[in-house]
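Report on one structure; see the data block that follows.
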Amino acid sequence: MIEWSTHFALALLGTCRDILPIAAIIIGFQLLVIRKPLANPKKTLIGFFYVLLGIAFFLEGLEMALFPLGKLMAVQLTTPEFLGLNSDQQAPSWQAYTWVYVFAASIGFATTLAEPSLLAVALKAEEISGGTIHAWGLRIAVSIGVAFGIALGAFRIVTGAELYYFIIAGYVVVLIQTLFAPKMIIGLAYDSGGVTTSTVTVPLVTALGLGLAEAVPGRNPLLDGFGLIAFASLFPIIAVLSYAQIAQWLGNRSRSSKP
Amino acid sequence: MLKNRFIKQLFSSFLDLAPILAVVLIFQVLIIGKPVPDVSGLIIGTLFVILGLTLFIQGLEQSLFPLGEAMAYSFARKGSLFWLLTFAFCLGFGTTVAEPALIAIAEEAASIASKGGIIEQTGAARDSYALGLRITVALSVGFAILIGVLRIIRGWPLYYLIIGGYSGVMIITPFAPAEIIGIAYDSGGVTTSTITVPLVTALGVGLATAIKGRNPMIDGFGLIAFASLTPMVFVMAYGMLI
């Protein structure tokens with residue numbers, strides 16, 4: 001129990017250190033430039049403390065429960081025995097890794113739903129749009145994007161294709177969609193690409209990428225293990241833009257079908 | 001009333017987390033066909049995550065969102081562009097330079113660079129490479145937030161910036177060393193942390209609300225997008241220069 005408490009205290013201390021620069025900047029500007037007291041200092045301070053405590057609990061729980069298991073599974077799914085490979089066999093075709101793609105997609109979907117940063121942006125978007133954009137709808141669209149992105153990223157590691165062909169193709173799709181998408185969704189869609197990959201997704205996805213690059217013959221973990229996160233931040237943009245376009249199209253159709 | 005809301009939020013946090021549990025359990029038991037190790041750790045850890053998420057959201061609504069918006073309003077009323085842009089830069093730089101995910105990726109990059117013979121194979125050379133990389137990324141995020149805030153004030157369309165940024169990435173990629181490309185692309189995604197995102201979002205939306213003629217939905221978002229784009233360009237440039 002004592003050992004555990006010290007561990008938790010260390011985690012809390014680590015979180016404090018991470019937010020120290022932010023707190024210093026805010027307090028510095030508040031005191032020196034804005035020179036006006038906060039409207040509700042006590043409430044703000046308590047809320048800040050909640051955020052600190054929340055992040056510490058969140059990370060601690062992830063370390064205890066999900067990270068070890070997720071990393072173990074990434075390793076188990078990419079072992080030669082599980083994939084049914086023999087060492088004397090030729091390099092297997094990309095179809096041998098079906099379960100890896102399924103796992104990549106499912107874990108990408110599930111971790112994105114639990115990502116706190118995405119939750120924050122989705123809440124804000126629902127508030128600003130006056131409920132036109134549903135927090136849940138947005139989060140599911142983003143999660144589908146991440147799921148697809150990570151599965152495709154795993155496929156890229158298996159086949160060893162060049163990372164930047166995929167990225168450039170993705171950018172071109174985003175640019176074309178931007179031209180046709182409703183104006184009000186564009187900023188939000190771009191933002192949702194950046195927020196999907198943080199506390200929960202990055203450690204699990206990195207473990208999967210490095211494990212896969214080690215297991216697949218002819219891949220170098222240093223060169224091929226990276227890039228999954230880039231996929232996970234590109235495809236949500238496409239997914240959210242599509243979500244908006246489909247919603248708009250359905251809206252137009254139901255409007256025009258009315259007498 | 002408050003207690004009720006807290007319990008409701010706990011339950012919704014549980015729903016947020018349930019898919020991860022389902023995926024992990026289904027794969028472990030049905031597909032890999034091995035028992036779950038350390039069941040008690042899994043249960044306690046899950047309860048921690050649920051509690052943590054609930055507290056985080058509580059604090060978000062009570063502190064980070066109002067704080068970001070209050071600062072945006074104060075700056076808008078003060079009318080000093082210089083201080084607003086300084087604040088934007090400091091916020092981007094300060095929150096990124098200490099970001100744990102970035103520190104991890106910078107060390108990874110340094111070890112790759114030393115194995116690839118780009119820098120000397122000594123601890124000191126690796127440390128200075130990693131530190132240089134971190135400062136590069138932090139500068140690029142500071143710069144991105146500064147430009148993004150300027151965009152909200154001036155009312156430039158977001159896609160000009162994004163298209164410009166993407167073109168930068170595409171042009172510089174063929175010239176960057178192959179070892180750095182994967183890391184550069186990934187570094188874009190990891191720079192925005194759990195505390196930065198709500199603050200920066202509230203700042204952008206608050207500014208777009210406070211300034212006449214701006215729509216919070218169209219102009220308020222996009223700061224984070226730009227902050228995850230510039231690091232890619234800057235990191236590749238760093239890889240080319242060193």
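The values are calculated or read from the model by the stated rules, or taken from the named source; none is laboratory data. Everything numeric here is computed off the predicted structure, so don't read it as measured data. A quick note on method: Cβ atoms are made from the backbone with ideal geometry, for glycine too, and the neighbour counts reach across all protein chains shown. We work out accessible area using only protein heavy atoms, side chains counted, and drop any ligands, DNA or RNA first. Shrake-Rupley method; radii C 1.70, N 1.55, O 1.52, S 1.80 Å.
Sorted largest first, the spans of the alpha carbon positions of the range A:47-203 along the three principal axes are 61, 43, 21 Å.
Counts of other chain beta carbons within 10 angstrom of each beta carbon in peptide B:32-42 average 3.
Kindly identify the range B:165-240 as rounded, prolate or oblate by the Cα gyration tensor criterion: order the square roots of the eigenvalues as a ≥ b ≥ c, call it rounded if a/c is under 1.5, otherwise compare a/b with b/c, prolate if a/b is larger, else oblate. The shape class here is prolate. Across the range B:43-154, Cα-Cα distances exceeding 18 Å account for 66% of all pairs.
In this structure B:ASP38 has an accessible area near 100 Å², from a 1.4 Å probe over the protein heavy atoms. Long hydrophobic helices in chain B: the complete DSSP H runs spanning 18 Å or more by Cα along their own axis with mean Kyte-Doolittle hydropathy of at least 1.0 are B:2-26, B:39-59, B:81-97, B:123-154, B:158-172, B:196-210, B:223-241. The solvent-accessible area of A:LYS36, taken with every protein chain present and a 1.4 Å probe, is close to 90 Å². Heavy-atom accessible area with a 1.4 Å probe sorts B:GLU108, B:GLU99, largest first, into B:GLU108, B:GLU99. Residue ranking by accessible heavy-atom surface, 1.4 Å probe, largest first, among A:LEU179, A:LEU152, B:LEU131 comes out as A:LEU179, B:LEU131, A:LEU152. Expressed in units of 2.2 N^0.38 Å, where N is the residue count, the Cα radius of gyration of chain B is 1.21.
Ranked from largest to smallest solvent-accessible area, with a 1.4 Å probe on the protein heavy atoms, B:TYR166, B:TYR159 come out as B:TYR159, B:TYR166. For the range B:119-220, a Kirkwood hydrodynamic radius built from all Cα pairs, placed in the Stokes-Einstein relation at 37 °C and 0.692 mPa s, yields a translational diffusion coefficient of 206 µm²/s. The relative contact order of the range B:37-158 comes to 29 percent, based on Cα pairs under 8 Å that sit 6 or more residues apart.
Return the carbon/sulfur percentage of the accessible area of the protein assembly as shown, one whole number, probe 1.4 Å, all protein chains in place. Please list the in-between numbers first.
Numbers: 14410 of 21150 Å².
Roughly 68 percent of what the probe reaches on the protein assembly as shown is carbon or sulfur.
Take every Cα pair under 8 Å whose residues are at least 6 apart in sequence, average their separation, divide by the length of chain B, and the relative contact order is 25 percent. Taking the chain by itself as reference, the range B:185-205 contains these residues with an accessible-area loss of 20 Å² or more in the full protein complex (1.4 Å probe, heavy atoms): B:TYR185, B:ASP186, B:GLY189, B:VAL190, B:THR192, B:THR194, B:ILE195, B:VAL197, B:LEU199, B:THR201, B:VAL205. Remark: chain B carries 40 Å² of accessible area per residue (probe radius 1.4 Å; ligands, DNA and RNA excluded).
In terms of its Cα atoms, the range B:1-55 spans 45, 18, 12 Å along the principal axes, sorted from long to short. For the range A:1-28, list whatever residues lose no less than 10 Å² of accessible surface once every protein chain is in place, relative to that chain by itself, with the probe at 1.4 Å. Checking the loss per residue gives A:TRP4, A:ASP18, A:ILE19, A:PRO21, A:ILE22, A:ILE25, A:ILE26. The residues of the range A:38-62 listed by number as losing at least 20 Å² of accessible area in the complex, against the isolated chain and with a 1.4 Å probe, are A:LEU38, A:LYS43, A:THR44, A:GLY47, A:PHE48, A:TYR50, A:VAL51, A:GLY54, A:ILE55, A:PHE57, A:PHE58, A:GLY61.
Chains A and B together bury some 8200 Å² of accessible area, summed over both sides, with a 1.4 Å probe. Summing charges over neighbours of B:ILE153, with a neighbour being any other residue whose Cβ is under 10 Å away from its Cβ, gives +2 when K and R count +1 and D and E count -1. Computed with a 1.4 Å probe on the full set of protein chains, the accessible area for A:LYS43 sits at about 100 Å². How large is log10 of I(q)/I(0) for the protein assembly as shown at q = 0.11, 0.12, 0.13, 0.14 Å⁻¹ when the intensity is taken from the Debye formula with one equal scatterer per alpha-carbon? For the requested q values the scattering log ratios are -0.92, -1.11, -1.31, -1.52.
Rolling a 1.4 Å sphere over the protein heavy atoms, what is the accessible area per residue of chain A, to the nearest Å²? Write out the running numbers ahead of the final one.
Values: 11540 Å² over 259 residues.
On a per-residue basis, 45 Å².
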